[in-house]
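Values quoted throughout were computed directly from the atomic coordinates according to the rules given, and no laboratory measurement underlies them. Not measured: the values here are computed from a predicted model. Backbone-built Cβ (ideal geometry, glycine too); neighbour counts: all protein chains shown.
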Amino acid sequence: STTRKALEEALEQARVAPRVLMEIGSREAIREAVIKGVGIGAVSEIEYIPDPALCMLRVRDADMYTHAHVVCLEERRGARLVEAFLGIVADLQRDTSTRLPLRASGKRRRV
């Protein structure tokens, strides 16, 4: 996952070698395993679902980020709903000063 890759890169930069005993394939399964006391897990902040049994710990002094991509079928790009959604994405990009690449027909596009 992109979250795992970002965490592994941050750990490598900090020269930390974790001892991984188990790999779990989904955010939901990670969450449930942590709730059951199996160990600790990592999810991105936006994917974290609060639970009284969980304690979110922020990783400090690490430059971690992931990329989100928005995709649509080329023939649907002109649809009103798709255009409205892409307009929201464009507004978010302006608000956060980030650029999210959109890929259609193998071409990279910006909204």
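A few remarks follow.
- Of the trypsin sites (Lys or Arg not before Pro) found in region 1-33, those in coil by DSSP whose Cβ has at most 15 other Cβ atoms within 10 Å are Arg15, Arg19.
- For region 28-93: rounded, prolate or oblate by the Cα gyration tensor [a/c cutoff 1.5]: prolate
- The phi-based Karplus calculation (6.51 cos²θ - 1.76 cosθ + 1.60; θ = phi - 60°) puts the 3J(HN,Hα) values of region 68-76 at 10, 10, 10, 10, 8, 5, 3, 6, 9 Hz, whole numbers, x for Gly and Pro.
- Other-chain or far-sequence residues with amide H under 5 Å of Val38's (modelled H): none
- Each part gets one Cα centre, and for region 6-27 versus region 64-84 those centres are 31 Å apart.
- Just so you know, the Cα atoms of region 1-66 work out to an Rg and Dmax of 12.0, 32 Å.
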